[in-house]
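Take a look at the structure set out below.
The values are calculated or read from the model by the stated rules, or taken from the named source; none is laboratory data. Remember, it's a predicted structure, so these values are computed and weren't measured experimentally. Please note: Cβ atoms are built from the backbone with ideal geometry, for glycine as well, and neighbour counts cover all protein chains shown. Surface accessibility is based on the protein's heavy atoms, side chains included, excluding ligands, DNA and RNA. Shrake-Rupley method; radii C 1.70, N 1.55, O 1.52, S 1.80 Å.
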Amino acid sequence: MKLATFAIDNNLGLGAVVDNDQVLIDLAAADRHLAIQEGRTETGVFSDMLTFLNAGSEAMATARRVIATAPQDARIDLADVRLLAPVPLPRKLLCLAGNYQDHIEEEGSKMSEADQQTPRVFMKPPSNTVVGPHDPILIPPIAQGIDWEGELAVIIGRRCKAVKPEDAMQMVAGYTCVNDVSERKLKIKERTESRPKDEWFDWLNGKWFDSFAPLGPWMVTTDEITNPHSLDISTWVNGERKQHNNTGMMLYRIPETIAYISAMLTLEPGDIICTGTISGVGATTGSFLKPGDTVKVVIEGIGELVNPVAAES
């Protein structure tokens with residue numbers, strides 16, 4: 001299933017994208033229809049994505065039933081709705097740095113043994129960074145070098161802690177596209193000198209700007225992507241392909257990553273893990289985003305995440 005958060009006249013809903021991505025089924029409306037047929041009350045799990053994911057496998061099964069029986073008045077042309085990030089307010093937005101050898105080495109570094117021993121996990125604040133398809137990536141006045149990073153994002157579907165790698169994929173609800181937008185040359189104030197930790201925090205803080213985590217266009221459930229480590233991924237800027245690789249080249253695959261993160265903290269339904277970017281970022285050539293640009297992240301089996309770039313007022 002392709003499940004999307006959508007808006008019509010500022011009213012939010014949860015929908016299923018069908019018919020070659022041309023139609024959206026309003027799941028709450030379709031559930032009302034099926035409830036009348038079956039002589040039951042509505043399930044109430046289709047109000048929003050977090051409620052749906054919290055309801056677990058039973059909600060997934062109900063969604064398939066209501067999609068199959070959806071009446072015409074629950075079907076909407078996709079062009080008539082606004083898509084939001086599939087999880088507009090994830091509880092946690094976790095990201096991996098240096099998860100592809102080609103990205104580690106494109107700036108002149110050589111992959112070390114340590115790069116293959118433990119993943120490097122950081123977080124982005126979800127309430128200000130997450131935006132949806134076609135929402136603008138905002139270039140702030142202090143921008144020095146805003147870069148693109150197309151990535152596969154994993155959406156957690158079950159609450160879990162200390163998960164074993166062999167059990168980790170059972171915790172996944174689905175996948176989406178993400179652009180881990182980054183400020184590469186952060187400079188807010190002058191310093192007399194930069195210590196190594198200052199430079200590290202500059203890198204980290206450059207991930208936190210408003211709109212720097214576009215997500216979408218929808219979540220594709222795990223039954224449709226049985227092997228997330230065999231997907232082609234590309235990033236295009238103004239129609240020119242800048243990044244291209246395959247998720248099979250990850251250093252830390254999804255089960256290992258979930259096991260590593262869940263050893264530290266509890267993962268919850270709706271948490272998102274961004275699995276790292278591939279080579280072809282703008283910093284390699286000194287080419288950065290500017291107002292008027294368009295960025296498109298394309299992942300096989302999921303779809304296209306398109307965002308314009310605009311100046312922040």
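Output the residue which, of all residues in the range 282-313 that are among the hydroxyl-bearing types (Ser, Thr, Tyr) and more than 17 Å from Pro133 (Cα to Cα), is modelled with the highest pLDDT. By that ranking, first place goes to Ser287. Applying a threshold of 9 Å to beta carbon distances and a minimum spacing of six or more residues, or different chains, the list of pairs starting in the range 83-108 at a residue that is basic (Lys, Arg) and ending at one that is part of a strand (DSSP E or B) and surrounded by fewer than 19 Cβ atoms within 10 Å (Cβ to Cβ) reads Lys92/Met123.
Quick one: what pairs do we get from the range 249-271, first residue surrounded by fewer than 17 Cβ atoms within 10 Å (Cβ to Cβ), second among the aromatic types (Phe, Trp, Tyr), C-beta under 8 Å, 6+ apart or different chains? If the second residue must be among the aromatic types (Phe, Trp, Tyr), the pairs left are Met249/Tyr100. Counted as qualifying within the range 1-94 are the helices (runs of 4 or more DSSP H) with 2 or more residues that are open to solvent by 50 Å² or more (accessible area, probe 1.4 Å) and among the basic types (Lys, Arg), namely 56-68. State which residue is modelled with the lowest pLDDT when the search covers only the range 173-193 and only residues that are assigned to a loop (DSSP other than H, G, I, E, B) and open to solvent by less than 60 Å² (accessible area, probe 1.4 Å). Looking at the filtered set, the residue picked out is Leu186.
Residues in the range 119-134 that are outside any strand (DSSP E or B) and open to solvent by less than 30 Å² (accessible area, probe 1.4 Å): Pro119, Lys124, Pro126, Thr129, Gly132, Pro133. Go through the range 135-172 and count every residue that is among the β-branched types (Val, Ile, Thr), within 22 Å of Pro308 (Cβ to Cβ) and in a loop (DSSP other than H, G, I, E, B). Here the count works out to 1. Looking at this structure, is Ile36 of a type in the set (A, V, I, L, M, F, W, C) and at pLDDT below 95? So Ile36 passes the test. Taking the range 205-241 as the range and being among the acidic types (Asp, Glu) and farther than 12 Å from Tyr175 by Cβ as the test, the residues that pass are Asp210, Asp232, Glu240. Beta carbons closer than 7 Å, at least 6 apart along the sequence or on distinct chains, pair a first residue in the range 50-72 that is in contact (Cβ under 8 Å) with a residue 12 or more places away in the chain with a second that is outside any helix (DSSP H, G or I) and open to solvent by 50 Å² or more (accessible area, probe 1.4 Å) for Gly56/Arg158; Thr62/Thr43. Of everything listed in (1) in contact with a Leu (Cβ under 6 Å, 6 or more places away or on another chain); (2) of a type in the set (D, E, K, R); (3) closer than 29 Å to Thr5 by Cα, the single unmet condition for Asp202 is (3).
One residue stands out in the range 284-313 among those that are polar (S, T, N, Q) and open to solvent by 50 Å² or more (accessible area, probe 1.4 Å): the one that is nearest to Trp218 (Cα to Cα), namely Thr294. Taken as a whole, the range 205-219 holds at least one residue that is surrounded by fewer than 15 Cβ atoms within 10 Å (Cβ to Cβ) and assigned to a helix (DSSP H, G or I).
Remark: pairs (first residue in the range 297-313, without any contact (Cβ under 8 Å) to a residue 60 or more places away in the chain; second residue in a strand (DSSP E or B) and surrounded by 15 or more Cβ atoms within 10 Å (Cβ to Cβ); Cβ separation under 9 Å; 6+ apart in sequence or on different chains) = Ser313/Leu138.
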